[in-house]
Amino acid sequence: MDRGVPTLSAPHRVCEKGKTLTVEQTQLLKLIGERMVKFRVRLRCHWDSETGEVTQTAETEGDDDDGSSEAMSE
């Protein structure tokens, strides 16, 4: 830390692909502004308060049901 800012004098690996992150690793990534995951929310149905009906939305091509998030390539 240099005046409260995380500073590295040499390359350092914070995490490895496929391994669970520790609390300390997530805090380091947060401090340096590194985003590792992109989250998506898909609307599958909606409720109409006036009619009380639930309507399923049209699914688009490429929708997957595994609920997994995809790693960012940036």
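Before moving on, here are some points about what is shown:
- Filtering Arg13, Arg42 for residues that are at pLDDT 80 or above, out of contact with any helix residue (DSSP H, G or I) (no Cβ under 6 Å at 6 or more places or on another chain) and loosely packed, with under 10 Cβ neighbours inside 10 Å leaves a single hit, Arg13.
- Of everything in the range 14-62 that is part of a loop (DSSP other than H, G, I, E, B) and β-branched (Val, Ile, Thr), the residue that is nearest to Asp2 (Cα to Cα) is Val14.
- Gln27 falls short on exactly one of the conditions (1) at pLDDT below 80; (2) surrounded by 10 or more Cβ atoms within 10 Å (Cβ to Cβ), and that condition is (1).
The values are calculated or read from the model by the stated rules, or taken from the named source; none is laboratory data. Computed from a predicted model, the values in this text were never measured in an experiment. Here Cβ is always computed from backbone atoms with ideal geometry, including for glycine, and neighbour counts include all displayed protein chains.
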